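For reference, the structure is listed below as structure tokens.
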Amino acid sequence: MRNLFLFVSIFILVSCGESPSSTPTSDLTQSSPPPIADSAQAETERLNLWLDEQWEEQLDFSPEFRTSLGIKVDYDRLDNYTVEAEEEQLEWLRASVATMEGDFDYAALTEDGKLSWDMWSYALERSEAGVPFNGHGYLYGRGGIHSGLPNFLINFHRVDTEEDMNAYLARLREIDRVLGEVLERAQANAAAGVRQPSFGYDFAIDEIGRITSGVPFNTDDDTPNSPLWTDAQAKIDGLLENDMIDEDRALAFRDEARSILEGEVAVAYQTVLAWLQGDMANTSEQAQGVWALPNGEAYYNYRLAQMTTLDLTADEIHQIGLDEVERLLGEMEAIKNEIEFEGSLQEFFAFVRDDPNNYYEDTDEARQVYLDDNYAYLNAINEVLPEYFGRLPKADLEIRRVEAFREQDGAAQHYFPGTPDGSRPGVYYSHMSDMSSLPKHQVEDVLYHEGNPGHHMQIAIQQELTEVPRFRTQYFTTAYVEGWGLYAEWLAKEMGGFEDPMSDFGRLGGEIWRAIRLVVDTGIHAKQWTEEQAVEYFLTNSDSSESSVRSEIKRYFANPGQATAYKIGMMNIQQARANAEAALGDDFNIRAFHDLILGAGALPLPLMHARVDRWIEEVRAN
């Protein structure tokens, strides 16, 4: 299912009536024509105003996305997940792009105005490309809607007033509708022959079990509270402590929340659970890539284009991966020799995996040490950011453990953006249930990817942009966002990070991990690799633990093409920088380059390259 409101590939526009007319006065008509630059700026400002109006209209399609931005409008609603709602949004997009093309003059815009236009047009192009594959998505599995809804309510729906709590309860009542809508689509997909591997069912079943275990879903004497019930009570208690409600109102809220959870919410989850348990028998014994789905080859090609924003074939991406793995193995061999390890690189991989000193203990005290280590690296890199960036993020960054109801052994760390107004910080989340999946030599590398100068810096700066239409502050393409995260790991070494050779080995391990993804993802989905083939290739060429590798491979099966975006995006940002350095020589300024890359939003890679090329010409001209 394509979520049209995630801004990964599509944006919804709507006409807001007639465009403003120029309405020249008699004095103006007798004067000289305005300079071309002024005219272009005026047309761009007119487009920007229109785009901002459309942004406000666009938000109506997703109350959930609006909430994630910290806006308390439609605060009592969840999104519509039906096929009909998705088709309505696409029709709106088609009409809106047509309005833009009819009411504005592309040739009369500034270069940045043309960039905004191109981004809207690209959104429609990619959305149209996805129409034939609307039923190919895997709707359940790790992190599906079943866990996404509790995560949204717990982490994004703030309760500051009694009205906010009423809206929270209204959203609890909508959970059964949303789960029903998504289940209907999953059933239709399955009937058409689209099923994820059985481990995806296992993930969903396990997560549903954790969400619905405890009070009020069951009331055994020693059963703890369920995550949603814990959250509801905490939000009610917060109102009580802040004198927003009295004890009687708090009791009424608790009774209502409990009634909803043990009633329609419990029934909805049990319905989904029963279908998952029954349909799992229809999955194949061995995990298969999307090549096995109806029209699977075309679907995978679509996914590659969607994730990379480039016209690369599976074979081309596979070969890029093979070449990068070979290059990086050579660099890892050099560090192994520097450390004076006697043995082959594969033996060094085994040593790193098995060395108990490379791991934190599986205790709460050790988990706190892990968090402290992350903050130490973050504080150190923050001190040198001004040497490499003119524009710095205003938003704070927090590092947290993933909530128990969605935590998975060996699952990847990830970043959740804060709000544009700074009321909610960005958060770097880490799965800490299996500390053996968080080796010490990789901590520094992952921190730079998820925090600064990686995802937090890029996304926070993007959300804080004021000189572009508002939609561009939330426009995301996977190749750009993940490419920047991986580029940030590489850049951090230039900034003084990775002084310890083992940490530098961890950096190379992070990069070769992304190169391996190019080989493995295309291997699974285009070359019909089995799960064990993919695991074996990964383990042979990296020092990652087997538990982490197996978790990663399952992720690639479930999300075809996504894993290719990281290395492809990084290599394109590196290439854009190399081109600028070669063309400008001593006139190249690293702070200006980074501000250029981060100052326009998360662009499709061809648009990023064009922007850099224009900047090169401007610097040369001056």
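For the stretch 25-70, filtered to residues that are outside any helix (DSSP H, G or I) and at pLDDT 90 or above, the residue that is surrounded by the fewest Cβ atoms within 10 Å (Cβ to Cβ) is Gly70.
More than 23 Å from the chain's Cα centre (by Cα), within 18 Å of Gln58 (Cα to Cα), of a type outside the set (Lys, Arg) and outside the structural domain of Trp55 (by TED's automatic domain parsing): is that true of Asp160 in this structure? Criteria not met by Asp160. Pairing residues of the stretch 136-153 that are in contact (Cβ under 8 Å) with a residue 60 or more places away in the chain with residues that are in a loop (DSSP other than H, G, I, E, B) and surrounded by fewer than 23 Cβ atoms within 10 Å (Cβ to Cβ), at Cβ distances under 6 Å and at least 6 apart in sequence or on separate chains, gives His136/Val194; Gly137/Met1; Leu139/Met1.
When the test is whether a residue is under 30 Å from Arg555 (Cα atoms), crowded, with 19+ Cβ neighbours inside 10 Å and assigned by TED's automatic domain parsing to the domain that holds Gln277, Ile154 does not pass it.
When Glu111, Glu128 are checked against the criterion of being over 18 Å from the mean Cα position of the chain (by Cα), surrounded by fewer than 18 Cβ atoms within 10 Å (Cβ to Cβ) and without any contact (Cβ under 8 Å) to a residue 60 or more places away in the chain, Glu128 stands alone in meeting it. Could you tell me whether any residue of the stretch 370-388 is within 20 Å of Ile459 (Cα to Cα) and in a loop (DSSP other than H, G, I, E, B)? Yes: the stretch 370-388 contains one or more residues that are within 20 Å of Ile459 (Cα to Cα) and in a loop (DSSP other than H, G, I, E, B). A residue that is outside any loop (DSSP other than H, G, I, E, B), within 18 Å of the chain's Cα centre (by Cα) and among the acidic types (Asp, Glu) occurs nowhere in the stretch 522-544. Return a yes/no flag: does the stretch 570-579 have any residue that is more than 24 Å from Gly510 (Cα to Cα) and not acidic (Asp, Glu). The answer is yes, given that some residue of the stretch 570-579 is more than 24 Å from Gly510 (Cα to Cα) and not acidic (Asp, Glu). The number of residues in the stretch 402-439 being of a type in the set (D, E, K, R) and surrounded by fewer than 16 Cβ atoms within 10 Å (Cβ to Cβ) comes to 2. Looking at Ala190, Ala234, Ala186, Ala250, just one residue is outside the structural domain of Arg555 (by TED's automatic domain parsing), surrounded by 17 or more Cβ atoms within 10 Å (Cβ to Cβ), more than 21 Å from His136 (Cβ to Cβ) and modelled with pLDDT of 95 or more, and that residue is Ala250.
Suppose the filter is surrounded by 15 or more Cβ atoms within 10 Å (Cβ to Cβ) and either in contact (Cβ under 8 Å) with a residue 12 or more places away in the chain or of a type in the set (Lys, Arg) (or both); does Ala268 pass it? Criteria met by Ala268.
One line per residue, one yes/no per condition, for (1) touching a residue at least 40 places away in the same chain (Cβ under 8 Å); (2) crowded, with 22+ Cβ neighbours inside 10 Å:
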position	(1), (2)
Leu518	yes, yes
Thr522	yes, yes
His525	yes, yes
Gln533	no, no
Arg550	yes, no
Ile553	no, yes
Ala563	yes, yes
Gly569	yes, yes
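Among residues of the stretch 456-467 that are closer than 14 Å to Thr419 by Cβ and at pLDDT 95 or above, those with a Cβ under 8 angstrom from a residue that is charged (D, E, K, R) and surrounded by 23 or more Cβ atoms within 10 Å (Cβ to Cβ), sequence gap 6+ or separate chain, pair up as His456/Glu450; Gln462/Arg472. How many residues are touching a His at 6+ places or on another chain (Cβ under 7 Å) and either in a loop (DSSP other than H, G, I, E, B) or hydrophobic (A, V, I, L, M, F, W, C) (or both) if we restrict to the stretch 495-521? Qualifying residue count for the region: 4. Restricting attention to the stretch 355-367, does a residue exist that is exposed (fewer than 15 other Cβ atoms within 10 Å of the Cβ), in the same structural domain as Lys493 (by TED's automatic domain parsing), assigned to a loop (DSSP other than H, G, I, E, B) and of a type in the set (S, T, N, Q)? Checked the stretch 355-367: at least one residue is exposed (fewer than 15 other Cβ atoms within 10 Å of the Cβ), in the same structural domain as Lys493 (by TED's automatic domain parsing), assigned to a loop (DSSP other than H, G, I, E, B) and of a type in the set (S, T, N, Q).
Okay, residues lined up against (1) charged (D, E, K, R); (2) over 15 Å from Gly289 (Cβ atoms); (3) modelled with pLDDT of 95 or more:
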residue: Gly506; (1), (2), (3): no, yes, yes
residue: Thr522; (1), (2), (3): no, no, yes
residue: Glu532; (1), (2), (3): yes, no, yes
residue: Glu536; (1), (2), (3): yes, yes, yes
residue: Tyr556; (1), (2), (3): no, no, yes
residue: Lys567; (1), (2), (3): yes, yes, yes
residue: Ala580; (1), (2), (3): no, yes, yes
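What about Tyr106, is it more than 19 Å from Phe471 (Cβ to Cβ) and among the hydroxyl-bearing types (Ser, Thr, Tyr)? No, not satisfied.
The values are calculated or read from the model by the stated rules, or taken from the named source; none is laboratory data. Computed from a prediction, not measured in an experiment: that's the story for all the values here. Counting neighbours? That spans all protein chains shown, and the Cβs are built from the backbone with ideal geometry, glycine included.
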